[in-house]
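Take a look at the structure below.
Where a number appears in this text, it was derived from the coordinates with a stated rule and is not lab data. Everything numeric here is computed off the predicted structure, so don't read it as measured data. Backbone-built Cβ (ideal geometry, glycine too); neighbour counts: all protein chains shown.
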Amino acid sequence: MSALKVIVSAIEQVADGICHFTFAAADGGELPGFSGGSHVVVSMPAHNRTYRNAYSLLSSPADRRNYQIAVRLQEQSRGGSRFMHEQVKVGSRLDISWPVNLFPISRVGHKHILVAGGIGITPFMSQVHELLRTGADFELHYAFRSPQYAGFIDQLQQLLGKNLICHDQSQRQVLDLQALLSQQPLGTHVYVCGPAGMVDALLSTAYELGWPDAHVHHEEFLAPPIGEPFTLRLKQSGKSVEVGAEVSMLEAMEAAGVDAPYLCRGGACGRCELEVLATDGVIEHHDHYLSDAEKGSGKKIMPCVSRAKCSFIELNL
Amino acid sequence: MQHGYWIRSKPVYHSLSWQHRAQAHVLVANGEAGRSIVRLLHQRLPDQPITVLYHPTQEADYSKSLVSLAGENLHVFKRESELWHRFEQILQQSVMGTRLYAAGNEYFLWQATTLAASHGVLSGDVMREQASSLARSVYCVHCKTISHRVTTNIAICTGCQRHLLVRDHFSRRLGAYMGLMIDAEEPGNVPEAEEVYP
Ligand code: FES
């Protein structure tokens with residue numbers, strides 16, 4: 001995949017543990033356009049390996065001079081978010097992917113309810129610009145632990161006024177999903193991004209109330225979990241790749257110079273799907289993409305987040 | 001007549017069944033399809049409120065059976081336009097989780113779908129059952145008139161009187177099949193019509 005070359009032009013701490021980075025094109029020109037909800041994958045060349053993480057674009061899609069992303073320092077960081085927080089300085093050069101949108105606003109929706117939990121606010125930052133521009137009927141519900149964890153709150157308040165509804169958990173303001181989802185007019189779409197528990201609660205509440213699936217949108221990027229090391233055999237190229245405990249299969253293939261496909265790197269989009277030919281162990285599926293039946297068949301794997309408990313696994317690549 | 005192969009624009013219908021995860025249920029039906037609603041009301045009913053809008057026609061009137069099953073949840077309309085007016089009002093006041101069911105001839109089904117779509121309901125989320133008659137509404141591509149209740153493969157356009165070949169190409173927006181002049185090349189050479197959509 002061809003990369004975009006950017007220079008970090010500003011870094012700002014926006015909330016506890018959350019840093020805000022501004023990128024400009026390295027050649028000083030315009031960056032490619034994107035739509036609300038898009039993300040880019042940032043390559044982070046640490047000394048022993050390259051991390052690649054997906055981050056939502058926060059800036060207004062109308063602004064082609066800069067891209068902005070927010071990175072939360074993950075407590076159990078495998079290294080990506082720590083690299084961004086500690087190594088990247090103003091003036092650093094980075095490679096990023098072209099913007100990809102896996103979380104667009106429905107064009108046929110009559111009303112849009114955006115629900116963010118904590119750092120899950122990020123994909124909505126560009127979406128609200130788009131919704132404001134088109135004059136759509138929408139509201140943003142933002143749930144956070146306490147105000148010092150609520151990134152972008154001032155900016156959002158200014159931009160949205162009463163269309164921003166905050167749920168500050170330190171003030172015991174809980175987001176009542178049942179109440180929220182049972183009173184929406186026909187033609188409403190709901191979008192959620194946040195911790196897994198919140199996403200699951202919203203999806204099941206909507207389902208129980210009879211919301212059609214096509215009206216319920218979610219974005220949840222998973223980080224590849226840590227596991228046990230194993231060997232990956234690639235049938236077509238005849239290569240053999242060692243997958244360490246703390247790297248994903250996709251990262252291990254990339255480090256070995258294999259050109260494997262990906263878009264979200266978070267088990268959501270389906271782009272990285274590969275065929276499993278053989279293994280002497282069991283596959284540990286972590287993605288949101290494959291159906292339960294597909295997972296059960298053991299014939300497919302999403303190497304960006306899934307791995308195997310085995311000594312070897314053979315893929316058709 | 002075209003048969004034996006699948007044309008993408010030709011819709012597929014199912015028989016209605018209750019969607020038990022819901023906040024409310026709204027059913028619209030006309031004529032013959034009243035029977036589908038009767039059948040549905042005989043099944044285990046969902047817990048949420050049900051509203052039935054029905055337009056009896058000359059061919060079939062199931063109002064009596066429907067009244068006995070649906071009571072005051074049933075609204076019978078003398079004219080179809082009144083039914084659509086009421087449906088529109090209900091759509092305006094409905095919340096997400098309201099399930100929509102339509103039973104009727106094809107034209108009726110797609111009118112319901114189009115109206116629902118204007119309130120942001122996706123076509124796939126309206127459940128549709130085609131009434132027993134397969135009669136087609138045919139859109140004349142020459143004069144743009146829609147002729148209803150066509151049961152034959154060749155029909156005379158009610159607008160321009162041309163002989164039309166009834167094709168399988170279906171417009172969901174119009175709720176009708178395309179009709180093309182059959183004797184354009186050789187005027188007067190019209191094959192015998194067959195009743196293929198009884
Ligand atoms: S890259 Fe999207 S699912 Fe793996």
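Among B:73-80, A:190-197, B:35-42, what's the highest-first ranking by average C-beta atoms within 10 angstrom per residue?
Details: B:73-80: 15.4, A:190-197: 20.0, B:35-42: 18.4.
Highest mean packing first, the order is A:190-197, B:35-42, B:73-80.
Round to the nearest 10 and give me the degree value, 0 to 90, for the angle of helix B:80-93's Cα axis relative to the longest principal axis of chain B.
So the helix axis and the longest Cα principal axis differ by about 50 degrees.
Would you mind counting up the charge near A:I165? Only other residues with Cβ under 12 Å from its Cβ, with Lys and Arg at +1 and Asp and Glu at -1. Write out the running numbers ahead of the final one.
Details: positive: A:K162; negative: A:E139, A:D168, A:D176.
Around A:I165, the surrounding residues sum to -2.
Provide the net charge surrounding A:D16, with neighbours chosen by a C-beta distance below 11 Å and charges set as Lys +1, Arg +1, Asp -1, Glu -1. Intermediate results must be reported in sequence, preceding the final value.
Values: positive: A:R72, A:R145; negative: none.
Local charge sum for A:D16: +2.
Using mean Cβ contacts within 10 Å as the protection proxy, how do A:159-169, B:173-183 order, highest first? Present the calculation step by step, with values, prior to reporting the outcome.
On the way: A:159-169: 14.9, B:173-183: 18.9.
The packing order, highest mean first, is B:173-183, A:159-169.
Tally Lys and Arg at +1 and Asp and Glu at -1 over the other residues with C-beta under 11 Å from the C-beta of A:C193: what net charge comes out? Don't jump to the answer; show the numbers that get you there.
Values: positive: none; negative: A:E219, A:E220.
Around A:C193, the surrounding residues sum to -2.
Mind checking the angle between helix A:196-208 and chain A's longest principal axis? C-alpha axes, 0 to 90 degrees, to the nearest 10.
Between helix and principal axis, roughly 70 degrees.
Quick one: Cα centre-to-centre distance for segment A:133-198 and segment B:60-122, in angstrom?
When both Cα centres are located, 34 Å separates them.
Treating only the Cβ of Lys, Arg, Asp and Glu as charged (+1, +1, -1, -1), what charge dipole size does segment A:65-191 show about its Cα centre? Round to the nearest 20 debye. Each step should come with its number before you reach the end.
On the way: 12 positive and 9 negative charges, 58 e Å.
Taking the Cα centre of segment A:65-191 as origin, the dipole is about 280 debye.
Could you tell me which of rounded, prolate or oblate describes segment A:137-205, using a ≥ b ≥ c as the square roots of the eigenvalues of the alpha-carbon gyration tensor, with rounded for a/c under 1.5 and, failing that, prolate when a/b is larger than b/c and oblate otherwise? Let's see the in-between values first.
On the way: a/c = 1.91, a/b = 1.24, b/c = 1.54.
Because a/c hits 1.5 or more and a/b fails to exceed b/c, segment A:137-205 counts as oblate.
Hey, can you rank B:22-30, A:304-312 by average C-beta count inside 10 Å, highest first? Don't jump to the answer; show the numbers that get you there.
Numbers: B:22-30: 23.4, A:304-312: 21.0.
Result, highest mean Cβ count within 10 Å first: B:22-30, A:304-312.
Under unit Cβ charges (Lys, Arg +1; Asp, Glu -1), what dipole magnitude, rounded to 20 debye, does the protein assembly as shown have relative to its Cα centre? Can you show the working numbers first?
Numbers: 45 positive and 51 negative charges, 58 e Å.
Computed about the Cα centre, the dipole is about 280 debye.
Between A:T205, A:G29, B:L165, whose Cα lies farthest towards the positive end of the dipole of the protein assembly as shown when Lys and Arg beta carbons carry +1 and Asp and Glu beta carbons carry -1, centred on the Cα centre?
With unit charges placed on the Cβ atoms, the residue in question is A:G29.
Averaging sequence separations of C-alpha pairs under 8 Å and six or more residues apart, then dividing by the length of segment B:24-130, give the relative contact order as a whole percent.
Details: 169 pairs, mean separation 34.2, N = 107.
Relative contact order of segment B:24-130: 32 percent.
Under a point-charge model restricted to the Cβ atoms of Lys and Arg (+1) and Asp and Glu (-1), what is the dipole moment magnitude of chain B relative to its Cα centre, in debye to the nearest 20? Spell out each step's value before the answer.
On the way: 19 positive and 18 negative charges, 118 e Å.
With Lys and Arg at +1 and Asp and Glu at -1, about 560 debye.
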